[in-house]
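*Asks:* Dumping the structure here so I can ask a few things about it.
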Amino acid sequence: MPTPRRSGRVIVYTGDGKGKTTAAFGLALRAIGRGMQVAVLQFIKSPERTYGEQLALQRLGVDVRQLGAGFTWTKTPEVHREALQRAWTVAKEYVHSGRYDVIVLDELNNALAIDRFPVGDILSVNDVLELIRTRPPELHLVITGRAAHPELMAAADIVTEMKLVKHDYEQGRTAMKGIEF
């Protein structure tokens, strides 16, 4: 009987609940434990700020790149558009480099769904589907973020949709450093 060919999976973590990035990073940790090469490309987070998960993954040898302009949307639309263009260029280079077993495209779904400024001329769902189709066959690609497009979920091998059940910010409590950012 022939040995089954190792095939990379496409995994999407989406939904309105918290934990999509955390789930992707948990998968990254399992991959690191198995000796796999992992990269994390963050489409929204800015290099102007350091995050705990970034530091932890870098200590484990993960290539983490913060390529966005930040969640605050206080910069001009052009700054965000330029950051998205750079992030997409880097993502394509990483996917086709052959250096990684797992690549996390963190918050890519959010980048596709930005309604504050148009991005369709920079990045579309069809562009992401093409990247999935042309990736090396053994590469595992993990895509996170709210509002994943139905076409993207259909193209994925695994989809987890997270739902917020309870969060204390509804009672006026702010995010806690080290817990939520």
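*Asks:* Please list, ordered by chain and number, the residues whose modelled amide H lies under 5 Å from the amide H of Val12; skip anything fewer than 5 residues away on the same chain.
*Replies:* Result for Val12 returns Ile143, Ile158, Val159, Thr160.
*Asks:* First compute the accessible area of the chain with a 1.4 Å probe, then give the percent of it belonging to carbon and sulfur atoms. Spell out each step's value before the answer.
*Replies:* On the way: 5220 of 10170 Å².
That share works out to 51 percent.
*Asks:* Now, a different point. Compare the peptides 41-53, 122-134 by average per-residue count of other Cβ atoms within 10 angstrom and give them in order, highest first. If you can, show how the numbers build up before the last one.
*Replies:* On the way: 41-53: 17.5, 122-134: 15.8.
The peptides rank, most packed first, as 41-53, 122-134.
*Asks:* With each pseudo-label sitting 7 Å past Cα toward Cβ, what's the His96-Arg49 distance in nm, one decimal?
*Replies:* 3.3 nm
*Asks:* Where in the chain are the helices, taken as whole DSSP H runs, whose Cα atoms extend 15 angstrom or more along the long axis and whose Kyte-Doolittle mean reaches at least -1.0? Working shown, then result.
*Replies:* Working: long enough: 20-33 (20 Å, 0.82); 77-97 (30 Å, -0.80).
Length and hydropathy pass: 20-33, 77-97.
*Asks:* Something else about it: I'd like the Karplus ³J(HN,Hα) series for the range 145-160: coefficients 6.51, -1.76, 1.60, θ = phi - 60°, whole numbers in Hz, and an x wherever there's a Gly or Pro.
*Replies:* Using θ = phi - 60°, the values come out as x, 4, 6, 4, 5, x, 5, 5, 5, 5, 7, 7, 7, 9, 10, 10 Hz.
*Asks:* Along the three principal axes, how long is the range 49-162 when you take its alpha carbons, biggest first, rounded to the nearest angstrom?
*Replies:* 38, 35, 29
*Asks:* If the viscosity is 1.567 mPa s and the temperature 4 °C, what translational diffusion coefficient in µm²/s does Stokes-Einstein give for the range 1-80 when Rh comes from Kirkwood over Cα pairs?
*Replies:* Numbers: Rh = 14.7 Å.
Stokes-Einstein gives a translational diffusion coefficient of 88 µm²/s.
*Asks:* While we're here: Let's test the formula: R0 of 22 Å, r as the Cβ-Cβ distance of Glu151 and Arg34. What FRET efficiency results, to the nearest 0.05? Mind showing how you got there, number by number?
*Replies:* Working: r = 30 Å, r/R0 = 1.38.
For R0 = 22 Å, the calculated efficiency reads 0.10.
*Asks:* How much length is gained on full extension from Thr174 to Ser7, taking 0.36 nm per residue of separation minus their Cα-Cα distance? Display every interim value, and only then the final one.
*Replies:* Numbers: separation 167, 0.36 × 167 = 60.12 nm, distance 4.21 nm.
Length gained between Thr174 and Ser7: 55.9 nm.
The values are calculated or read from the model by the stated rules, or taken from the named source; none is laboratory data. Note that this is a predicted model, so its numbers are computed, not measured. Positions of Cβ are backbone-derived with ideal geometry, glycine not excepted, and every protein chain shown enters the neighbour counts. These accessible areas exclude ligands, DNA and RNA; they are computed on the full protein's heavy atoms, side chains included. Shrake-Rupley method; radii C 1.70, N 1.55, O 1.52, S 1.80 Å.
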